[in-house]
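Read-outs throughout are calculated quantities, based only on the coordinates presented, and are distinct from any laboratory measurement. Fair warning: this is a prediction, and the values are worked out from it, not measured in the lab. Note that we place each Cβ from the backbone using ideal geometry, even for glycine, and neighbour counts take in every protein chain shown.
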Amino acid sequence: MSTLTTSEASQAAGARRKKRLNAFIFVVPLLLFILLTFVAPIGSMLWRSVHHPIVAELIPLTLAELQHWDGQQIPDQKTLTLFASELHGLAKRRLSGKLAEEINRSYAGMSSAVKSSARKIGRLKPEQLPSQGAETLLKAHRNWSKPELWYAIQRAGQVYTYDYYLTALDLELHPDQGIQVREDTQIYLQLYGKTLNMALVITLLCALLGYPLAYYLANLPENRANLLLVLVLLPFWTSLLVRTTAWIALLQTNGVINSFLLSAGLIGRPFEMLYTSFATVVAMTHILLPFMILPLYSVMRGIDASYLRAAMSLGAKPIPAFVRIYFPMTLPGLSAGALLVFIISVGYYITPALVGGTDGQMISNIIAFHMQRSSNWELAAALGSLLLALILLLYWLYDRYVGASNIKLG
Amino acid sequence: MARSLTTGFSAFALSAALAMTSFGAHAAESLTVVSWGGAYGAAQKNHMIDPFQKDTGVKVLFEDYSGGVAEMKAQVESGNIQWDVVDLEVIDLERACSEGLLETIPHDILPAGADGTPAADDFIPEALASECAVGNIVWSVVFAYNEKTIGGTKASSIGDFFDTQKIPGKRAMRKRPQVNMEWALLADGVAPAEVYEVLATAEGQARAFAKLDTLKNDIVWFDSWSQAPQLLNDGGAVLVQSANGRFYDAIRQEGKPFVIVWDGHVYDLDAWAVLKGSPKKDLAFKFIAYVTESKPLAGMSDVAYGPTRKSSAPMMDPAAAPHLPTAHLDKGIQAGSDFWADYGESLGEKFNEWLLK
């Protein structure tokens, strides 16, 4: 038995390092791509949901002064004067609209009040501010004398905040009573529940429809199975929008299905199918079905038919043989398909937006509302983060009770 | 430093998608103009974009969007400006302007009207109310019915829209609180002048939702104005809400038997604005001054949107005059841009909650 000299050993180690470096260089583009398109946006979204420095940058002095405020009365003259002079500066730099929007978010109706107050204070000369600033402010709008408003400003001024998560869970922070259920509006928990519910229904439907089909395909001779598999893949290759719009044409009041049923004399008046959760479920099941069939098919293909024959020759009836021998072997494919369908449908946006109407709304639609319409990106980020956390939680539960190693895509 | 790095980074991530769509848009003399597409976009191309390109030799990249300030916010925050000129609804304008997303436009760049009236007197006052924009058209949200599907009783007032006894059948509305809340109060008997005052109170909002409740099972919701004429055409709804120009275009171009009901219409302006930090600010101002001259504005009557210059009136097709919102101002109310800046978000949430009930 010969031993390696130190130089030989270091040479071998060097060669190994070089190999690893080479391998790493090959995956660098992919890593960069994932970093830029996936990790960075998600990271910035998570960050945005808790980090909110705008108000603190706009009125730092007022916020510092508000720390000494008792929270019961109108803040003292000194705070009001400071705020008036900061508002004066914002008006001159045309930034009062930003502050207005932020305050409006926690105290609806204040946007125009902040802007008009800023205009009035902006008309004062800087040397008038110490003597008249506070007075002009209180006169500009009655809400400036309400402690609730100042409490809202104080909350909005926090750089690191969990308020958006409270809102996303239909909660609010009350100055005296602490965290409580939001009084005026409660939508988000309902929507999360509804979204999960719909995703579950869609997953079940996909499994019910996909399983027999995959079984049939898996037991055909290879060439015919491939031919039929193209039919499964064809819709998969068709644009999502085309498929969704096709469902609109089929389901609408005077659409294909209703006109057929009417002319066949089967129904007296058309069914309302489009713009319901029914339409969302049907269209999404159709769109997501290939995600269920493909993993099921590839797993079923790999199952040797002799297992089932062995079970039957040992005396099992067809149904118990299927349930106890065949079905457990397909579970990895079934769970992979179910997980794919479920996770994709939880975050689905386009189809519910187009065919969902009122009751086919899902959480993604309200996230889009906050991104596009109300520009409350922080709340949208908090809602999105909760959705991500929810999916991770479900995945963890799944891993715990079923086992992630059981997933098989092929 | 760390903070600016992360904001820069997140802004980068947000605008990456935008950047990809319009790569290379900034060749030498070119200008990116963004508007609403459809029949309105076609009229703008015809009367504004094409003549401007021809007269100045500047290449205009004319793109569509669907409203809202989100895309502008993403561009300005990231400093990656892709759009130069944008056509905004006044509801969004108020917000975009005060948040510093738009350049201030010196109104003295605007030339006098075709009849020699100085711009300040020629424009209707609302068109120059904002320092960030120049008003382009007056348009209106109305509802219409189809002669073929309405049946014996025709709709004539906003009350009929909410009266399913008188006119049975589905109503199609855009899925948002704007205009719908106003209509609910008008139909409930609130005086047009007091609508926004009432809607600013909790009781007023409850009253509007209660009125909408009476209609809830009969509403078909849609997300874009372009879906509306379709719904009216295929019988998806009996009474359909949309922008007046969408109906007018369907009537004029496709000969549809639609009838517009003007009672309770909510009119608003669209305005041209320049994105803050646009590298072609001066060219953008030149564009705006050019397209808001009397003649291009008169061309907007092709889609029944009223011009914002008085001197455009003699240049318009007289046949279009009775279909312009400006001919029906007494029957309508002006959309409250201040009100929606204040209550857009909170009513948006309440509206979504109401939808889920």
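Extension gain, A:Arg324 to A:Glu8: 0.36 nm times the residue separation minus the Cα-Cα distance gives 108.0 nm.
Distance cut-off 29 Å, Cα to Cα: go down the list B:Lys175/B:Lys256; A:Lys194/B:Lys276; A:Lys115/B:Lys310 and report the pairs above it. Beyond 29 Å between Cα atoms: A:Lys194/B:Lys276; A:Lys115/B:Lys310. Taking Cα atoms only, the orientation of helix B:2-21 departs from the longest principal axis of chain B by about 80 degrees. Working from Cα pairs under 8 Å separated by at least six residues, relative contact order for the stretch A:55-157 is 35 percent. Of all DSSP beta bridges confined to the protein assembly as shown, the antiparallel ones make up roughly 65%. Only helices enter the 222 nm calculation for chain B: every DSSP H run of n ≥ 4 contributes -39,500 (n - 2.57), and dividing by all residues gives -11000 deg cm²/dmol, rounded to 500. Taking the fewest neighbouring Cβ atoms within 10 Å as the starting point, the ordered list for A:Trp150, A:Trp69, A:Trp396 is A:Trp396, A:Trp69, A:Trp150.
With respect to chain B, whose longest principal axis is taken over its alpha-carbon atoms, helix B:244-254 is tilted by about 90°. Under a Gaussian network description of chain A, with springs only between Cα atoms under 10 Å, the residue in A:Gly43, A:Gly178, A:Gly109 that fluctuates furthest is A:Gly178.
FRET efficiency for the pair A:Thr37 and A:Arg16, taken as 1/(1 + (r/R0)^6) with r the Cβ-Cβ distance and R0 = 35 Å, rounds to 0.65. The label-point distance for A:Leu388 and A:Ser263, in a model that sets each label 7 Å from Cα toward Cβ, rounds to 5.1 nm. Shape call for the stretch A:188-406 from the C-alpha gyration tensor, a ≥ b ≥ c root eigenvalues: rounded (a/c under 1.5), prolate (a/b greater than b/c) or oblate? Here the stretch A:188-406 falls in the oblate category.
Computed extension length for A:Val256-A:His68: 60.8 nm, one decimal, from 0.36 nm per residue of separation with the Cα-Cα distance subtracted. Kindly identify the stretch A:19-77 as rounded, prolate or oblate by the Cα gyration tensor criterion: order the square roots of the eigenvalues as a ≥ b ≥ c, call it rounded if a/c is under 1.5, otherwise compare a/b with b/c, prolate if a/b is larger, else oblate. The shape class here is prolate. Spin-label model, A:Asp304/A:Leu61: points 7 Å from Cα along the beta carbon direction are separated by 8.4 nm. Taking other C-beta atoms within 10 angstrom as a stand-in for reagent exposure, B:Met315, B:Met173, A:Met292 fall in the order B:Met315, B:Met173, A:Met292, fewest first. Partner aspartates and glutamates whose Cα lies under 19 Å from the Cα of A:Lys317, excluding those fewer than 8 positions away in the same chain, are identified as A:Asp304. Once the Cα atoms are used to define both axes, helix B:337-356 deviates from the longest principal axis of chain B by about 50 degrees. Taking a ≥ b ≥ c as the square roots of the Cα gyration tensor eigenvalues, the stretch A:55-157 comes out rounded, since a/c falls below 1.5.
The lysines within cross-link reach of A:Lys120, meaning a Cα-to-Cα straight distance under 21 Å and a gap of 8 or more places when in the same chain, are A:Lys78, A:Lys92, A:Lys98, A:Lys139, A:Lys146. Spin-label pair B:Ala42-A:Gln177: with each label point 7 Å from Cα along the Cα-Cβ axis, the two points sit 5.7 nm from one another.
In chain A, the calculated helix contribution to ellipticity at 222 nm averages -22000 deg cm²/dmol per residue, counting -39,500 (n - 2.57) for every DSSP H run with n ≥ 4. Taking Cβ separations below 4.7 Å as the criterion for a possible disulfide partner, the isolated cysteines in the protein assembly as shown are A:Cys206.
Between B:Ser30 and A:Leu46, the FRET efficiency estimated from the beta carbon spacing at R0 = 41 angstrom works out to 0.60. Sorting A:Glu57, B:Glu353 by the number of Cβ atoms found within 10 Å of their own Cβ, with the fewest placed first, yields A:Glu57, B:Glu353.
Contact order for chain A, expressed relative to its length and based on alpha carbon pairs under 8 Å spaced 6+ residues apart, stands at 17 percent.
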